[in-house]
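Below: one structure, written as structure tokens.
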Amino acid sequence: MGLIQIFCLELSLILTGAVLHATEIRQTGWTGKLLVIPMDGSHWTGLKAVSEDLGRRGHEVMVVMPEVSMRLGPGKHYTTKTFAVPYSQDLLDNMTRRHGEILKMSKVSFIKRINMFLENMKDILYIFTSTSESLLFDPELLAFLREQNFDALLTDPAFPLGAILAHNLSLPAVYMLRGMPCGLDTKATGCPDPVSYIPRFFTRYTDRMSFGQRVVNLLVSMLEPLMCKLLYGSLDDIASRLMHRDTTVLDILKGGALWLMRYDFMLEFPKPLMPNMVLIGGINCAVKNPLPKVSLSAAVGSGKFTKYRALAMKPMMDHFKINYLHLHVLPI
């Protein structure tokens, strides 16, 4: 097994909390160099936890981030490299405020809600484009990153900057994501995706749809190429300029080495997966203290069941803990 393959395997084991082959990995005595290209906002939560844990285990982790951000920042076990961007902190603050207003407004008109959503999308697309151009067309920064001889790149492909950079630096790309709009993750991995059984993004349907729901699902699937063009058309152009040939974000995503999916089939409808897609469950869950032993009387409002403790629910709680609370992973 090559060193890069061992590194990707260890990353997969860390995120799933698995311990298979752990002794073999420890005995190699090898540590890798990981480049992390994060996506700002809540997407940074899981990537930061992984970056910290890999750094704590002895790997060299470098996070490259813009100077202006909402949540990105330094950590204890990884180094950071920043680059200048043309937008200011005020733009991010205003965008965050508008997003919060959209979530809180329950009686606002549909037209106004759509208008605010479009304003946010305009800012998001501007941030995507300007951030990508600031990094990818900075020859000094690219030369610096190439000299570091990284073994792999970890990123969230919802913001394809990391995927484009990995392709440019010829690095294995490890993607960690919950999902992608317009079904790009499914198209990039080559998963079977029949519209009669697999609901489209944002429809909130399950895998058991009525005839009417399947018709709506079909119509939504027909709009997905347009949505992809609106979201990632500018990045297609940036990637083509960087590679000096016509290419698309979809073509680049197809080269991903490992897809770490932040869900499992406990709360998600079943669907086909490819061998390089790993379900990592609740990586975004907070680490909490063990639940106290509480009598069932607290739940049923009666003192007759005090001798039946919550330990009777231990099998169910253990199952829940294994699937959703494994952010603090087992040591390898």
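Computed from the coordinates by the stated procedures, all read-outs in this text should not be read as laboratory data. Everything numeric in this text was worked out from a predicted model, so none of it was measured. Every residue, glycine among them, receives a Cβ derived from its backbone with ideal geometry; neighbour counts consider all protein chains shown.
Structural remarks
- With the simple spin-label model, which puts each label point 7 Å out from Cα in the Cβ direction, the Ser240 to Arg146 separation comes to 2.3 nm.
- Each Lys or Arg adds one and each Asp or Glu takes one away; over the other residues whose Cβ falls under 12 Å from the Cβ of Cys228, this sums to -1.
- Model label points for Lys81 and Asp251, set 7 angstrom from Cα along the Cα-to-Cβ axis, are 2.6 nm apart.
- Nonlocal amide H pairs with Thr82, under 5 Å, H built at 1.01 Å: Met65
- Potential lengthening between Tyr126 and Leu169 on full extension [0.36 nm per residue; Cα-Cα distance subtracted]: 13.0 nm
- Candidate aspartates and glutamates for bridging to Lys112, where Cα separation is under 12 Å - those fewer than 8 sequence places away on the same chain excluded: Glu101
- Net length available on complete extension from Trp30 to Ser88 is 16.8 nm, with 0.36 nm assigned per residue and the Cα-Cα distance removed.
- Rounded FRET efficiency, nearest 0.05, which uses the C-beta distance separating Arg204 from Met70 and R0 of 25 Å: 0.40
- Net charge of neighbours whose Cβ lies under 14 Å from the Cβ of Leu242, counting Lys and Arg as +1 and Asp and Glu as -1: -3
- Segment 213-265-segment 157-193 distance, computed between alpha-carbon centres (Å): 8 Å
- Local electrostatic count at Arg262 - Lys and Arg +1, Asp and Glu -1, tallied over other residues with Cβ under 12 Å: -3
- Using the Cβ-Cβ distance between Phe137 and Phe265 with R0 set to 30 Å, the FRET efficiency from 1/(1 + (r/R0)^6) comes to roughly 0.10.
- At q = 0.10, 0.11 Å⁻¹, base-10 log of I(q)/I(0) for segment 3-284 (Debye sum, equal scatterers on each alpha carbon): -0.57, -0.69
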